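The values are calculated or read from the model by the stated rules, or taken from the named source; none is laboratory data. Nothing here was measured: the structure is a model prediction, and the numbers come from that model. Counting neighbours? That spans all protein chains shown, and the Cβs are built from the backbone with ideal geometry, glycine included. Accessible surface areas use protein heavy atoms only, side chains included; no ligands, DNA or RNA. Shrake-Rupley method; radii C 1.70, N 1.55, O 1.52, S 1.80 Å.
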Amino acid sequence: MTTTPERTAHDPADTGKAPAFPFESDPGLPLDVPAEFTRLREQCPVQRVALPYGGEGHLVSRYADVKQVLSDRRLSRAATVGLDVPRTVREVTAPGHLLAMDPPEHTRLRRLVASAFTERAVQRWRPRVQEIVDGLIAGLRAQAADGGPVDLVAHFSMPLPMTVICELLGVPPKDRHYFRRVAEVAFSNGSASSEEMQKVGEEFGTYLFGHIGRLRDNPGDDLMSQMIAARDEDEDRLTEAELISLAGTILLAGYETTAAELSNFVYTLLTQDRWTWLAAHPEHLDSAVEELLRYIALGGGDVLPRLTTEDVEIGGTLLAAGESVIAAMISANRDADIFDNPDELDLERAHNPHLAFGHGPHHCTGAQLARLELRLALSSLLKAFPDLRLATTATDVPWREGSLVRGPVELLLHW
């Protein structure tokens, strides 16, 4: 027996002007979730929206519906390639990119690296990550020796994930500074021109091609060398172009988001007067990390649209084949049907099935590595600097502009 959807994508009730998306956040709350999502979850969980590029699409805001969009095979990432689909970013994902694939092609590539990012495999990195963290904290103390404030972004948040991911991929220390600019361009949202993005992308591809060649001649005990061996042993498993794309995806995604979140965690705990409490209650560190991942809106919404490949019902709304759909994970993480008091930062929250790392086939491969870095970094900072405080007012902290991820440009601290 079938039921009739409550509404359809072409219902007369939807004939009004579609609101523009992404929504603007309160300037005084740079990491908060736009209030508009609350209304949508309650009144219109599948909302037609006007997107910056390609026309209108549909924004999905409730937790259960977002999970459906992220896992339903009838909503395709691969189908968006090469089309002027409604979207929030100027540049669409290139063919052959992991994020532009659906199973089984996506599954084939993901399996090549998945074993390196299991919780058990990642735990083998714990001693080395802790060593890097300890070295950076010693550097913070040295920076503060003259009594001045220290910038956490430049001297801790950025170098930690950069060092970890570059070591994982066998990138020598002399080359690591180069990826800062590459990441800025790759995660830009309109601040970099199409020409600049193309130029940097080509230069990055050339670098990776050379890096792969060097490791092919002199392999090491790193993930990149393992990927090269898999490619050379069986060319049907991985093409050279896919190898380069996969390496670039891991390198950039493993750096930029973790770097931003480290600073966001510290800023949020300090501005909500929770730093001292957490320093005194280290037994709640793990739940605090998960809660911060849920609570902080790292981006303005999922920027990767999916196309319906057939008629699909989502949240009582029937979408026709060929519709563009955006799943707002930051909205799902504030759904009161799933989370008690969702707009409160509860560092002791026990039930926390957040979607900060996504869901379904495109669930973040490096989630366990990110968790390890965030936990060790936050734990060590709390122990080293239990009286940490901002050296400026919260409103004077400068924030990234024109980026797909939110985070402070500079975070000056005293202790």
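Filter the stretch 249-291 down to residues that are acidic (Asp, Glu) and either in contact with a strand residue (DSSP E or B) (Cβ under 6 Å, 6 or more places away or on another chain) or without any contact (Cβ under 8 Å) to a residue 12 or more places away in the chain (or both), then give me how many there are.
Qualifying residue count, the stretch 249-291: 2.
Tell me which residues, restricted to the stretch 209-234, are over 19 Å from residue 111 (Cβ atoms), in contact (Cβ under 8 Å) with a residue 12 or more places away in the chain and not in a loop (DSSP other than H, G, I, E, B).
If the condition is that a residue be over 19 Å from residue 111 (Cβ atoms), in contact (Cβ under 8 Å) with a residue 12 or more places away in the chain and not in a loop (DSSP other than H, G, I, E, B), then 209, 211, 212, 215, 216 are the ones that fit.
Checking residue 112 against (1) within 18 Å of residue 253 (Cα to Cα); (2) in a helix (DSSP H, G or I); (3) at pLDDT 85 or above, only one condition comes out false. Which one?
For residue 112, the exception is condition (3).
Can you tell me which residue in the stretch 371-385 is nearest to the chain's Cα centre (by Cα), limited to those that are over 15 Å from residue 283 (Cα atoms) and open to solvent by 10 Å² or more (accessible area, probe 1.4 Å)?
Ranking the candidates gives 371 first.
Here are some conditions: (1) under 24 Å from residue 117 (Cβ atoms); (2) among the aliphatic types (A, V, I, L, M); (3) open to solvent by 40 Å² or more (accessible area, probe 1.4 Å). Residue 197 meets all but one. Which one does it not meet?
All conditions pass for residue 197, except number (1).
Looking at the stretch 58-80, which of its residues are touching an Asp or Glu at 6+ places or on another chain (Cβ under 7 Å) and within 13 Å of residue 22 (Cα to Cα)?
58
Residues checked against (1) surrounded by fewer than 19 Cβ atoms within 10 Å (Cβ to Cβ); (2) in contact with a Pro (Cβ under 7 Å, 6 or more places away or on another chain):
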residue: 223; (1), (2): no, no
residue: 232; (1), (2): yes, no
residue: 239; (1), (2): yes, no
residue: 255; (1), (2): no, yes
residue: 259; (1), (2): no, yes
residue: 289; (1), (2): no, no
residue: 297; (1), (2): no, no
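Within the stretch 235-252, track down each residue that is over 19 Å from residue 114 (Cβ atoms) and either assigned to a loop (DSSP other than H, G, I, E, B) or of a type in the set (Asp, Glu) (or both).
Within the stretch 235-252, 235, 240 meet the criteria.
Return yes when residue 317 is more than 30 Å from residue 57 (Cα to Cα) and either crowded, with 21+ Cβ neighbours inside 10 Å or of a type outside the set (Asp, Glu) (or both) and no when it is not.
Answer is no for this residue.
Tell me, yes or no, whether the stretch 153-176 has at least one residue that is open to solvent by 60 Å² or more (accessible area, probe 1.4 Å) and not in a helix (DSSP H, G or I).
Within the stretch 153-176, not a single residue is open to solvent by 60 Å² or more (accessible area, probe 1.4 Å) and not in a helix (DSSP H, G or I).
Search the stretch 255-291 for residues being within 23 Å of residue 412 (Cα to Cα) and in a loop (DSSP other than H, G, I, E, B), and hand back the single one that is farthest from the chain's Cα centre (by Cα).
Top of the filtered list is 273.
Would you point out the residue of the stretch 128-139, among those that are within 13 Å of residue 380 (Cβ to Cβ) and without any contact (Cβ under 8 Å) to a residue 60 or more places away in the chain, that is most open to solvent (accessible area, probe 1.4 Å)?
So, considering only residues that are within 13 Å of residue 380 (Cβ to Cβ) and without any contact (Cβ under 8 Å) to a residue 60 or more places away in the chain, the one most open to solvent (accessible area, probe 1.4 Å) is 131.
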